[in-house]
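Asker: One structure, as structure tokens, below. Some questions next.
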Amino acid sequence: MKLYDYILSPSCYKVRLMAALTGLSLDIRPVDFHPGGEHRKAELLALNPAGSIPILEDGDLLLTESSAMLVYLAGKAAPEWLGDGTAEQSARLQQWLSFSHRLTANLGGARLHEMLLRPGDIALLQAQGVAALRELEAGLVEQGLRGMPFLASDRPTVADIACFPYVALAPDGGVSVDPYPAIRRWSRAIRALDNFIEMPGIHRLHELKPEPQIGTGEE
Amino acid sequence: MAKEAMLDEWYPVGLFSQVKTTAYKTALMGEPIEVSVGADGNAIVTTSGGRVLSSRVRYGHVWSSIGDPQKEIFSIPEADQPGRRFVDVGVVRVRCSPLRAVENFLDIAHFPFVHTDILGAEPHTEVQNYKVEIRDVEDEVWATQVKFYQPQAAKSASGGITTEYMYRVPAPTCSVLYKTCPPRPSEWDVITLFVQPLAEDLCDVWPWMALFDDETSMTDLIHFQQTIFLQDRSILENQIPRLLPLDPGMEIPTRADLTSVAYRRWLKRHNYTYGAQLVAQ
Amino acid sequence: MSADTTGFWTPVALSADLPSGTVIPAHTRAGSIALWRSDSGRVAASADRCPHRGMRLSYGFVRGETLSCIYHGWSYTQTGNCLRIPAHPGLTPPDTIRVATHLVEEADGVIWVAVGEPVHPPPKLEGLVALRSLTMHADVTTIEAASGAKSDETGLLKATQQYDTMWLLLSEQEQGHTLVHVLLDGDNTLGHRISASRAVESLRRCAEDLQARRSRDG
């Protein structure tokens, strides 16, 4: 499986994270998104005319939507990440997968503007980002009241992975995540998962390991 | 006015490879400027009002000044060595003082906590003594004999090594880092941070590198350096106060911070105070 | 909120939103706070700034009974002393390296931080159960107008939206925002709780609309 990847792209990170969590290995093909704009050049446009990344290739299968990539990886290696298959849970999953695309536009757009100087109406993007975070917070509060720490279920699913990166990186775009206790709890639960990997801007939770000592033989 | 000392310096304002005939709008110390390339292929920098500014093309970037620079852009002799690969890492905007951006680049004690498992890892957190001086002739800050154990110090390193560093500040918002070059142990890899001050609390950071590495792809080199810088960005945007304190009292250095102490002293001596605060609050 | 002349208490967070071994940002009129709970469960409120290079301690991490700064790992006790500087493992940090701390009280599922030195303990929240906290971009006066009720001297407002009765503990922040802690009577079902959560979202929409209109109309 080959992933056309940009290390700073939260959407690409969704796929890298999902692969790590499910034990799948990816063949990474780095794309010079910035400063090179490679995603908009001939070679990659031939694969994905939309000019976006990530792009995932597996034999004949070519995917250009990160949600689809998450579903594919889960389907191949760890179907428990797709929920229990009931109509209700599948619907909850879809609801949040669709929601996650809005995050790419608002929180992601704000981040690209503030950090990588891409054009955009920053005040509008940030306001939309706040509205989206409030929506996510309300959803997580209700899930919490039902005794479920994750968006669609009592265990993480692709819906959580789809939403997590842009939320965790919202401050990059000038949108604080401080006012959302349920989001903070959920984000921490994701970052504490076995085989979780970070991306630049999402740092390691050092508290998960006790303070290592030199000379105990542990490195 | 105290901040005028920095007006006469050279600052990066764009990547030469990306400058077009249509103007790229940016700013220097609050002054709106425009960067473009003329029909002859030379860079043109003007204020938005049309005043032509001095400009240079050096180290892959267009440099300019809204004042009157008294000397040329600092030299990096290693950049002229044959076999070097030059890497334009690309601009990143940070909501912080340009001086804080430079100071963070000079710091190594944060490696295990911020660049975990790349430039450092617990429990190897000790910073051994190193040498710092303000060199009178060049009028630059230099730190030498800096050492730190790193799990994966460079794209060209195959495992953990004790990396040696030298740090140099040749201009108020520029720093040059020389680090152990795994493929050529007698040479230094050169990594720079050129910081463009947009406002006292906002800057565009232009990292650049001159490396000996024939194996790693250009994109991988770019991504490695962007990774490191992006890990620093959320630190830089959350330091209080925003402006770099140049007087003692607000912040407490230790022996690991000798480079930053010298940098702050050198800034104060020269009245390089754009992005700094003077009275301890 | 109840005030005496030497200080007062600010409700900054719900206990449920501060698990052991975590740190969160909080605010009082005295400034930003790194509110944290040690691994053993003890709550502390430290000034949200490491004296080394000014990094926000609320970005840090809790190990055991100490809070460490994310930048260089400097570790602080609950009383504010610096215990360890990782760059100098053999060094005992001098007493001069410390962060200011504030009095904290935790009761009835709410965490209160003192501004100054209040004589009395924080107000009791008789038989109420904390539900959630949220921030409204509206001041207390506007929230009162939107809910049709007034808050009492502890900052508690009884809001009734259609079929839901809830108690809102209000704490006005900077920029005209208000931190709202939602509490319910002890006897409530899951249905009540979800309904109340949605009701307070409605109230927020109403209060923010009203605030926007007030700001526009001067």
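Asker: Among the residues of the range C:88-103, which ones are modelled with pLDDT of 95 or more and either under 27 Å from C:His27 (Cβ atoms) or of a type in the set (Val, Ile, Thr) (or both)?
Answerer: Within the range C:88-103, C:Thr92, C:Ile97, C:Arg98, C:Val99, C:Ala100, C:Thr101, C:His102, C:Leu103 meet the criteria.
Asker: Can you pull out every residue in the range C:173-198 that is farther than 26 Å from C:Ala26 by Cα, in a helix (DSSP H, G or I) and free of Cβ contacts under 8 Å to residues at least 12 places away in the same chain?
Answerer: If the condition is that a residue be farther than 26 Å from C:Ala26 by Cα, in a helix (DSSP H, G or I) and free of Cβ contacts under 8 Å to residues at least 12 places away in the same chain, then C:Leu190, C:Gly191 are the ones that fit.
Asker: Same structure again: Which condition breaks for A:Gln143 when tested against (1) outside any loop (DSSP other than H, G, I, E, B); (2) more than 14 Å from chain C (Cβ to nearest Cβ)?
Answerer: Here A:Gln143 clears every test but (2).
Asker: Count, please, the residues in the range B:218-238 that happen to be more than 7 Å from every other protein chain (Cβ to nearest Cβ) and outside any helix (DSSP H, G or I).
Answerer: 1
Asker: When the range B:121-147 is examined, which residues are found to be within 14 Å of chain C (Cβ to nearest Cβ) and either assigned to a strand (DSSP E or B) or in contact (Cβ under 8 Å) with a residue 40 or more places away in the chain (or both)?
Answerer: B:Val127, B:Asn129, B:Tyr130, B:Val146, B:Lys147
Asker: Please go through the range A:167-208 and give me each residue that is within 12 Å of chain B (Cβ to nearest Cβ), more than 14 Å from C:Tyr59 (Cα to Cα), of a type outside the set (A, V, I, L, M) and assigned to a helix (DSSP H, G or I), ordered by number.
Answerer: A:Asp172, A:Gly173
Asker: If C:Leu125 satisfies every condition in (1) assigned to a loop (DSSP other than H, G, I, E, B); (2) at pLDDT 95 or above; (3) within 16 Å of the chain's Cα centre (by Cα) but one, which is the exception?
Answerer: Every listed condition holds for C:Leu125 apart from (2).
Asker: Do we have any residue at all in the range B:198-216 that's within 8 Å of another protein chain (Cβ to nearest Cβ) and surrounded by fewer than 19 Cβ atoms within 10 Å (Cβ to Cβ)?
Answerer: The answer is no; no qualifying residue exists.
Asker: Give the residue, chosen from A:Tyr166, A:Tyr180, that is farther than 30 Å from C:Val129 by Cα and of a type in the set (Ser, Thr, Tyr).
Answerer: None of the others qualify; the one that does is A:Tyr166.
Asker: Could you list, in sequence order, all residues of the range C:204-218 that are within 13 Å of chain A (Cβ to nearest Cβ) and crowded, with 16+ Cβ neighbours inside 10 Å?
Answerer: C:Arg204, C:Glu208, listed by residue number.
Asker: Could you tell me which numbered condition B:Ile118 fails, if it satisfies all but one of (1) in a loop (DSSP other than H, G, I, E, B); (2) of a type outside the set (Phe, Trp, Tyr); (3) over 21 Å from B:Gln196 (Cα atoms); (4) within 8 Å of another protein chain (Cβ to nearest Cβ)?
Answerer: Failing condition for B:Ile118: (4).
Asker: So which residues in the range A:96-119 are without any contact (Cβ under 8 Å) to a residue 40 or more places away in the chain and surrounded by fewer than 19 Cβ atoms within 10 Å (Cβ to Cβ)?
Answerer: Selection gives A:Ser98, A:His101, A:Arg102, A:Ala105, A:Leu117, A:Arg118, A:Pro119.
The values are calculated or read from the model by the stated rules, or taken from the named source; none is laboratory data. As the structure is a prediction and not an experimental result, all values here were calculated from the model. FYI the Cβ positions are ideal-geometry reconstructions off the backbone, even for glycines, and counts take in every protein chain you see.
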